[in-house]
Amino acid sequence: MCGQIFNDQRTTARNIGLLVQSVEGEKVVSRNIPNVAREIVGQSGWQFCGTVVRSASYRVIITNVEWDNINMGQ
């Protein structure tokens, strides 16, 4: 399963963690932690792929993200 994660903020996101799950009803039948870019600059995206069991539905969970400090004109 492949998808794209998009950073719609104006600051860089670092150390992004994702969990991809294949789901049947309420049961998770397969999961994978795909590699994602170490950073995604603001207003851009990144493609990811994770190997999971074929399923009727999938779920992608962001497990971690660290934001660069934002200087608000100070």
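The values are calculated or read from the model by the stated rules, or taken from the named source; none is laboratory data. Everything quoted here is computed from the prediction, not taken from an experiment. Neighbour counts run over all protein chains shown; Cβ positions are idealised from the backbone, glycine included. These accessible areas exclude ligands, DNA and RNA; they are computed on the full protein's heavy atoms, side chains included. Shrake-Rupley method; radii C 1.70, N 1.55, O 1.52, S 1.80 Å.
Summary table
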{"quantity": "Charged-residue dipole, Cβ positions (Lys, Arg, Asp, Glu), the chain about Cα centre, Debye nearest 20", "calculated": "180 debye"}
{"quantity": "Fraction of accessible area attributable to carbon and sulfur, the chain (%, probe 1.4 Å)", "calculated": "47 percent"}
{"quantity": "Using θ = phi - 60° and Karplus 6.51 cos²θ - 1.76 cosθ + 1.60, couplings along the range 41-55 (whole Hz; Gly, Pro as x)", "calculated": "5, x, 6, 9, x, 8, 8, 9, 9, x, 8, 9, 5, 4, 8"}
{"quantity": "Convex hull volume per residue for the chain, taking Cα atoms only, in Å³", "calculated": "87 Å³"}
{"quantity": "Relative contact order for the chain, counting Cα pairs under 8 Å that sit 6 or more residues apart, in percent", "calculated": "43 percent"}
{"quantity": "Å² per residue, accessible surface of the chain at 1.4 Å", "calculated": "73 Å²"}
